[in-house]
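One structure is given here, and the rest of the page talks about it.
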Amino acid sequence: MATAKAAKKGARRAPARKQQAFDAIIVGAGFSGLYQLHCLRDRLDLSAVVLEAGDGVGGTWYWNLYPGARCDSESHSYCFTFDDKLLSEWQWSERYPGHAEVRRYLDHVADRFDLKRSIRFGTRVTGATYDEAANRWQVTTEGGDKLTAKFLITAVGCLSTANVPAIPGLHSFKGRWVHTGQWPHEGVDFTGKRVGQIGTGSTGIQSAPVIAETAKHLTVFQRTANYSVPARNAPLTPEFRHYLRENYPELVRIMRKTPNGHPFVIERRLVADVTPVERQAIYEAAWEKGGLQFRATFHDLLLDKAANDTAAEFIKNKIRTIVKDKATAEKLADIDHPYAAKRPPIDTDYFEAFNRDNVTLVDVRADPIEAITPGGLRTRSGKEYPLDIIVFATGFDAMTGPLLALNIRGREGLALADAWKAGPRNYLGLQVAGFPNLFTITGPGSPSVLCNMPVAIEQHVEWITDCIAEMRAKRLQRIETTDAAMDGWVQEVNRAANATLLPQAHHSWYLGANVPGKPRVFMPYAGGMARYRDLCAGIAARGYEGFVLS
Ligand code: NA7
């Protein structure tokens with residue numbers, strides 16, 4: 001009788017309501033969000049949820065599925081290092097992981113630590129407002145959910161807001177257009193198509209050679225010529241796997257101690273320490289080895305323009321040697337900024353692709369794109385380029401874009417967009433005054449994109465976790481940085497950038513220069529990951545200097 005009654009009651013019961021109040025809400029299920037969830041839920045035993053717009057884990061890698069999408073960090077360093085077992089059990093297949101393999105890895109991490117049960121997929125955050133009286137963040141989602149939490153932690157990545165340039169006529173285009181950072185999961189078939197690719201950053205340099213393999217014709221529209229060094233991607237050999245097994249602790253130590261978080265050291269020698277003949281041999285060897293190590297051949301490549309010129313000239317000469325058509329080679333080698341002052345791409349057969357009959361380079365610095373037409377694209381000189389598909393490899397509203405898209409409001413309704421009207425201002429890239437208990441993983445002002453990302457992410461997540469653990473131990477409810485601390489940090493970010501050649505690339509996304517109207521502020525911290533790690537540790541050890549805890 002009792003059972004029947006319960007069954008009848010159960011039949012009438014409304015569907016179980018989802019939990020809406022948490023200790024912490026984390027936005028994003030990429031590297032940062034997954035690890036932050038694991039730390040808060042499984043180490044600190046807090047109630048935590050991840051809200052993720054995509055239908056799976058991966059973050060940036062969930063959306064960047066364009067042809068040739070591959071990580072520029074070597075696979076054995078593009079992973080978590082916090083768990084020795086995880087580190088040793090996962091086997092990468094290639095020197096640089098392709099997008100699908102990175103997603104498989106993150107899926108494995110999510111399953112291994114049973115994270116998916118705390119992630120709400122297909123859930124886009126539309127607003128986050130700090131309720132001062134309750135000391136809680138109120139978060140709204142596109143689906144109409146309202147959640148609250150004491151801590152709000154953004155794990156939205158630095159390169160996740162696609163930048164589609166406002167070229168007149170795009171709506172009139174009768175063909176198909178796609179942005180590389182919002183690539184359709186079902187793929188795009190280029191077979192027999194006339195494809196136009198706009199953009200020659202790291203993405204365009206990866207995608208062009210792969211698109212060219214199937215397209216009828218590929219026209220690459222280049223506004224700024226770019227350096228690139230061969231990646232020399234290849235399957236990992238049994239010998240290399242053996243080397244990894246023997247040397248992982250040392251490699252991890254190097255990753256945590258070097259300025260850019262990669263598993264190789266930057267040479268201490270200066271360009272002037274060697275003869276021109278020795279220098280040429282060093283560059284040749286680095287070119288053959290391939291990858292971002294090229295940048296590590298000399299200590300002063302990013303510090304001294306004369307030193308940088310030698311690397312720049314070496315790469316330009318390589319371009320001239322590889323590309324057979326002289327006029328095309330000159331356009332590709334006509335590079336206006338120091339080597340690596342913009343994010344330095346690495347490639348697989350990028351320059352070689354211009355030797356194909358079905359690939360053409362168009363210099364849109366000389367003859368800018370004027371309009372997209374129903375049938376293709378027109379440049380200022382009136383030249384028409386008939387196209388079936390346009391690929392926008394035009395980058396991202398980097399670093400601040402994904403944060404501002406969350407529509408965050410702090411004390412007294414202050415919008416983050418207003419607080420950052422003149423550019424991002426924060427402390428350590430982690431906190432903004434007026435936004436208590438909000439942490440921004442790899443926010444502007446932190447090393448982030450100037451570092452191998454998982455290394456930067458692990459440091460941020462662990463610092464935030466330790467901070468929250470300490471607050472709990474001391475029964476503190478609120479942490480908030482101050483204006484004075486932010487002023488000091490902005491100065492340090494500028495000092496660090498100005499000590500390098502990085503600001504000399506006037507059009508880089510590091511400066512926000514790629515998005516019309518965006519304030520020009522050098523965003524990532526260029527002082528090096530190792531120095532930054534020590535700074536953050538010292539600040540915590542001194543009782544969270546620059547933060548007010550209450
Ligand atoms: P990037 O590096 O910002 O490159 C975007 C490219 O698109 C770059 O060549 C731009 O030229 C070009 N672009 C942007 N807008 C236009 C217009 N309107 N007309 C012509 N060309 C244009 O983005 P990526 O996706 O390649 O790389 C981003 C990061 O992802 C990368 O650094 C890695 O960290 C991973 P410009 O140089 O502005 O003249």
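The values are calculated or read from the model by the stated rules, or taken from the named source; none is laboratory data. All values reported here derive from a predicted model rather than from experimental measurement. Note that each Cβ is placed from the backbone with ideal geometry, even for glycine, and that neighbours are counted across all protein chains shown.
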Meets criteria (surrounded by fewer than 21 Cβ atoms within 10 Å (Cβ to Cβ) and touching a strand residue (DSSP E or B) at 6+ places or on another chain (Cβ under 6 Å)) for LYS331: yes
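Pull up region 397-414, narrow it to residues that are away from the ligand (no atom under 15 Å from the Cβ) and touching a helix residue (DSSP H, G or I) at 6+ places or on another chain (Cβ under 9 Å), then point me to the one that is nearest to THR442 (Cα to Cα). Show your work before the answer.
The first filter runs over region 397-414 and keeps only residues away from the ligand (no atom under 15 Å from the Cβ), leaving 403-414.
Going one step further and asking which of them are touching a helix residue (DSSP H, G or I) at 6+ places or on another chain (Cβ under 9 Å), we end up with 403-404, 406-410.
Working: LEU403: 11, LEU404: 14, LEU406: 15, ASN407: 18, ILE408: 17, ARG409: 19, GLY410: 19 Å.
Step by step, filter region 397-414, then rank; the result is LEU403.
If we scan region 44-63, do we find a residue that is modelled with pLDDT of 95 or more, in contact with a His (Cβ under 7 Å, 6 or more places away or on another chain) and among the hydrophobic types (A, V, I, L, M, F, W, C)?
yes
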Looking at region 375-433, which of its residues are free of Cβ contacts under 8 Å to residues at least 12 places away in the same chain and in contact with a Lys or Arg (Cβ under 8 Å, 6 or more places away or on another chain)? GLU384, ALA415
Does GLY196 count as within 14 Å of the ligand (Cβ to nearest atom), part of a helix (DSSP H, G or I) and either touching a Phe, Trp or Tyr at 6+ places or on another chain (Cβ under 7 Å) or in contact (Cβ under 8 Å) with a residue 24 or more places away in the chain (or both)? no
Can you tell me which residues in region 145-172 are within 15 Å of the ligand (Cβ to nearest atom) and out of contact with any helix residue (DSSP H, G or I) (no Cβ under 9 Å at 6 or more places or on another chain)? PRO165, ALA166, ILE167, PRO168, GLY169, LEU170
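Would you be able to say whether some residue in region 467-482 is basic (Lys, Arg) and either part of a helix (DSSP H, G or I) or at positive phi (or both)? Working first, answer last.
Taking region 467-482 first, the residues basic (Lys, Arg) are 472, 474-475, 478.
Retained after the next criterion (residues that are either part of a helix (DSSP H, G or I) or at positive phi (or both)): 472, 475.
Yes: region 467-482 contains one or more residues that are basic (Lys, Arg) and either part of a helix (DSSP H, G or I) or at positive phi (or both).
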Could you go through region 411-427 and let me know if any residue there is surrounded by fewer than 23 Cβ atoms within 10 Å (Cβ to Cβ), of a type outside the set (Phe, Trp, Tyr) and part of a strand (DSSP E or B). yes
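Please enumerate the residues belonging to region 485-514 that are of a type in the set (A, V, I, L, M, F, W, C), outside any helix (DSSP H, G or I) and surrounded by fewer than 19 Cβ atoms within 10 Å (Cβ to Cβ). I'd like the intermediate steps shown before the answer.
To start, the set of residues in region 485-514 that are of a type in the set (A, V, I, L, M, F, W, C) comprises 485-486, 489-490, 493, 496-497, 499, 501-502, 505, 509, 511, 513.
This time we only want the ones that are outside any helix (DSSP H, G or I), so: 499, 501, 505, 513.
The answer is ALA499, ALA513.
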Is there a residue in region 110-122 that is under 30 Å from ILE346 (Cβ atoms) and within 14 Å of the ligand (Cβ to nearest atom)? no
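Go through the residues of region 207-216 one by one and say whether even a single one is in a helix (DSSP H, G or I), within 12 Å of the ligand (Cβ to nearest atom) and out of contact with any His (no Cβ under 6 Å at 6 or more places or on another chain). Write out each step before concluding.
First, the residues of region 207-216 that are in a helix (DSSP H, G or I): 207-214.
After this cut, where a residue has to be within 12 Å of the ligand (Cβ to nearest atom) as well, the list is 207-208.
Next, only the ones that are out of contact with any His (no Cβ under 6 Å at 6 or more places or on another chain) stay: 207-208.
Yes: one or more hits.
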Counting just the residues of region 515-550 that are hydrophobic (A, V, I, L, M, F, W, C) and not in a helix (DSSP H, G or I), which one comes out nearest to the ligand (Cβ to nearest atom)? VAL515
Would region 218-234 turn up any residue that is out of contact with any Pro (no Cβ under 9 Å at 6 or more places or on another chain), assigned to a helix (DSSP H, G or I) and surrounded by 15 or more Cβ atoms within 10 Å (Cβ to Cβ)? no
Is there a residue in region 243-261 that is at pLDDT 95 or above, within 16 Å of the ligand (Cβ to nearest atom) and either assigned to a helix (DSSP H, G or I) or surrounded by 19 or more Cβ atoms within 10 Å (Cβ to Cβ) (or both)? yes
Since ALA286 meets every condition but one in (1) within 16 Å of the ligand (Cβ to nearest atom); (2) assigned to a helix (DSSP H, G or I), which condition does it not meet? (1)
May I ask you to verify whether PHE298 is under 24 Å from GLN206 (Cα atoms) and aromatic (Phe, Trp, Tyr)? no
Counted residues, region 355-367 - those being of a type outside the set (A, V, I, L, M) and without any contact (Cβ under 8 Å) to a residue 60 or more places away in the chain: 3
Among the residues in region 439-449, are any in a helix (DSSP H, G or I), of a type outside the set (Val, Ile, Thr) and closer than 19 Å to ILE479 by Cβ? no
Considering only residues that are of a type in the set (A, V, I, L, M, F, W, C) and away from the ligand (no atom under 11 Å from the Cβ), look in region 321-339 and name the one that is farthest from the chain's Cα centre (by Cα). ALA327
Of the conditions (1) in a helix (DSSP H, G or I); (2) without any contact (Cβ under 8 Å) to a residue 12 or more places away in the chain, GLN138 clears all except one; give me its number. (1)
Matching entry among ASP114, ASP72 (being over 22 Å from the mean Cα position of the chain (by Cα) and part of a loop (DSSP other than H, G, I, E, B)): ASP114
Condition first: more than 18 Å from GLY98 (Cα to Cα) and aliphatic (A, V, I, L, M). Can you find one or more residues in region 184-191 that meet it? no
Go through THR394, THR360, THR373 for me and flag whichever is within 16 Å of the ligand (Cβ to nearest atom), surrounded by 16 or more Cβ atoms within 10 Å (Cβ to Cβ) and over 26 Å from GLN206 (Cα atoms). THR373
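Go through region 173-190 and give me each residue that's within 16 Å of the ligand (Cβ to nearest atom) and not aromatic (Phe, Trp, Tyr). Don't jump to the end; show me each part of the working.
Step one: list which residues in region 173-190 are within 16 Å of the ligand (Cβ to nearest atom), which gives 173, 177-183.
Listed by number, the residues that qualify are VAL178, HIS179, THR180, GLY181, GLN182.
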